[in-house]
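Written out below as structure tokens is the structure these notes cover.
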Amino acid sequence: MKRHFNYIIALLMASSTVLMSQSCKDDFFELVDHGGLDARIWDNEGAIEFYLAGTYAMIMPTHPHEITPNDMQMHYASDENYFSGTNAPSKKVLGLSGEITPNDVKYIASKYQGTNVGDNRYFDIARCNNAIAYIPTGTLSADVKKKFLGQFYALRAMVYFELTRLYGGVPLVLDPQNPDNLKLEGRASAKACFGQIVNDLDSAMVNLNGVSWDDATGRGKITAAAAAALKAKALLYWASPQFNPTDNPAHPYEAQRWETALQASKEAYDLCKAAGRALLPNYNEIFLKEGIANTEAVIVRSYSATSPKRFTIVERASRPVSEGGSPADYYVPTTLLLGAYPMQDGTPANSSNTSYDDALFWKNRDPRFKHTIVYNGAEWPLSGKNGRRQWNYSNAAGESSIKSFYCKKFVNPALSSAAVGIANDMGGNGMDWIEIRFAEVMLDYAESANETGNLSLAKELVRNIRQRAGIEQGSFDYGLSLASNKEQMRDLMLNERQIEFAFEGKRYHDLRRTRRMHTLQGTIQTYLFEAKSEAAKTYLESGNAAGIRHRENLDMNNRDTVLTYFKYPYNLRAESSNGAFAFRDYYYFYPLPNTFMNSSPLLEQTIGYEGGTFDPLND
């Protein structure tokens, strides 16, 4: 064990460097006394706890756009946000501009640890491997060892799951090694990777059985229910077309995979319910409630607005400049996302729906629309200003760097504008990030049920989610009666996931998992709002006798009013250099970066890319 001591110290020191360089300020995990540790770490509960905290900080996912390098953000490219049409690597993913090369995808950039999360995930895996190998050799009690082991097993599975769904098969390193001198034996098949992921999560569930964590000191720690939810998600991927395509002659579409996914999904659903997980009554509070108050949170990365401060950039990137923000394109919805929201009764919002008006596209929509998207003239009581309205038309008075839309999902409306960007605190919002919430567990269960022929169970689960959203039953059973077979329900649920998890980093992976990315049509566009004339703009921004601008009293649900003061049809904003979606079929599995390929002569490149011979779908 002692010969691995210097590697353990290296891991701890590297974690400190990486954590301090992340876009979120995370002083809680800053390491200050490397020299005080020795190989007796495995006999000391506090030392292992410290080591585990650093491992969580490295591995637990953050807000999708919290980590800022472009080659990380490209893993969220989709038809959801306008950023996908302006960010160069994301444009390549979608085929809007150029083609992906190995140098574009650097999630495991090399075999050496760098200064950013994702530089080398094998450094993170090495942390878990050390703990899994050496905790059993220590002198701690069996119960304490199990608590630690369960978490390290789950964290290792989390890393391998992320790598496998991106690359389709990676080297499996399961024993302690010096991460600066990895002995890689070539890429394992996707089947072998998923097998290991499931084995690790089974081990996590066994070790964490009956374990609960105190909300004050254990928030964000993995539970047996959380491990079960991650296992169900992994098996959903293994059963889905990305890894289980219908047109692969070597592996016909295997129904048994869906049966296995169904069993895992039901187990996760039951364990989560037994642990008190449930849908929050109000959709708009999902990212405003924390700890025991948030029954929907299953897997969480904890942040804090108090000492020790661990902020995110999300609040600032979502807010308008007028309220202390610096808004970003990755929280601006595309016209494709806007169109995905159904009407109030769950029916599609399109020209054939008599209750839909394109001029008032925000009216009578699924309530999740108004809880997520801030359109021109919408109420948004930021900084505690009740009745405040947001104006997104070009050159609107009181605004600058105006976005066509804003995202309110992750914004704390009570936070003052002055508190949004304090010094280096990166946004002033300490709300937790929920990586998996109970709604996802339910939709994973629903999808597995549908694929195995249980349409009624799939509808029951989606119905519960739509009821929580505030959709009305209407004449179409919350819109569910429009799906009368497996194929129609499959489409409905993919759309449901798009709107339920808007801006939560799920859409990109869902499109890849279901092999729908290459079916995207059109381009990345969003709306531009403009005053109808200079006279209209002058009236909107002039004040009445009380000094209140006339625009504040507009009825934005009245068609005549809207058409009187704003240009319609609304102009579209699109990047002139972009083409239409042209996602290549082989993009469903990424190439290994050249720097990583050069670390071992046994590594094969992914098929489809230059020199590629590795087929992730082969056993």
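What to note about this one:
- Neighbour-count order for Asp357, Asp214, fewest beta carbons within 10 angstrom listed first: Asp214, Asp357
- Dividing the radius of gyration of the alpha carbons in the range 296-370 by their Kirkwood radius gives 1.13 for Rg/Rh.
- Each residue of the range 405-415 was assigned a 3J(HN,Hα) from its phi angle through the Karplus expression (A = 6.51, B = -1.76, C = 1.60, θ = phi - 60°), giving 9, 10, 10, 9, 4, 9, 9, 8, x, 7, 6 Hz with x at Gly and Pro.
- Among the listed pairs Lys92/Lys233; Lys403/Lys532; Lys92/Lys403; Lys146/Lys506; Lys385/Lys459; Lys363/Lys385, a Cα-Cα separation exceeding 29 Å is found for Lys146/Lys506; Lys385/Lys459.
- Rounded to the nearest 10 degrees, the inclination of helix 142-167 to the longest alpha-carbon principal axis of the chain is 60 degrees.
- Ratio of Rg to Rh over the range 215-342 (Cα coordinates, Kirkwood Rh, two decimals): 1.07
- Least to most buried among Asp615, Asp585, Asp477 (fewest other Cβ within 10 Å first): Asp585, Asp477, Asp615
- Stretchable slack from Ala133 to Glu259, in nm (0.36 nm times residue separation minus alpha-carbon distance): 42.1 nm
- Net charge over other residues, Cβ less than 10 angstrom from the Cβ of Glu290 (K, R count +1; D, E count -1): 0
- Using Cβ point charges alone (K and R +1, D and E -1), the dipole size of the chain about the Cα centre works out to roughly 480 debye.
- Think of the chain as a dipole: +1 on every Lys or Arg Cβ, -1 on every Asp or Glu Cβ, centred on the Cα centre; then among Ala582, Ala545, Ala157, Ala545 lies furthest on the positive end.
- Proximal charge balance of Ala229 [Cβ under 13 Å; K/R count +1, D/E count -1]: 0
- Taking each residue as 0.36 nm, the span from Glu285 to Arg490 lengthens on full extension beyond its C-alpha to C-alpha distance by 71.0 nm.
- Within the range 348-400, the trypsin sites (Lys or Arg not before Pro) that combine a DSSP coil assignment with at most 16 other C-beta atoms in a 10 angstrom radius are Lys385, Arg388.
- Cα centroid separation - the range 507-557 against the range 570-591, whole Å: 22
- The C-alpha atoms of the chain define a longest principal axis, and helix 45-59 lies at about 50 degrees to it.
- A simple spin-label model places the labels of Asp202 and Ala546 6.8 nm from each other, with each point 7 Å out along Cα-to-Cβ.
- Theoretical gain in end-to-end length, Asn464 to Asp270 [0.36 nm per residue, Cα-Cα removed]: 68.3 nm
- Label-point gap, in nm, between Asn618 and Asn103 - each point 7 angstrom along Cα→Cβ: 2.9
- Cα lying deepest toward the dipole's positive end in the range 262-382, options Pro320, His371, Thr306, charges on Cβ: Thr306
- Close amide-amide hydrogen proximity is noted between Ile373 and Lys408, each under 5 Å apart and 5 or more residues distant or on a separate chain (H modeled in the peptide plane; Pro and chain starts excluded).
- With a simple spin-label model that places each label point 7 Å from the Cα along the Cα-to-Cβ direction, the separation between Thr538 and Val321 comes to 2.5 nm.
- Between the C-alpha center of the range 273-317 and that of the range 382-397 there is a gap of 26 Å.
- Rounded tilt (10° steps) of 190-207 against the dominant C-alpha axis of the chain: 80
- Counting only Cβ charges, +1 for Lys and Arg and -1 for Asp and Glu, the dipole size of the range 146-216 around its Cα centre is about 220 debye.
- Hypothetical label at Phe476: residues of the range 305-346 whose amide nitrogen lies under 15 Å (7 Å Cα-Cβ projection): 339-346
Rule-based calculations on the coordinates, nothing more; no lab input. As the structure is a prediction and not an experimental result, all values here were calculated from the model. Counting neighbours? That spans all protein chains shown, and the Cβs are built from the backbone with ideal geometry, glycine included.
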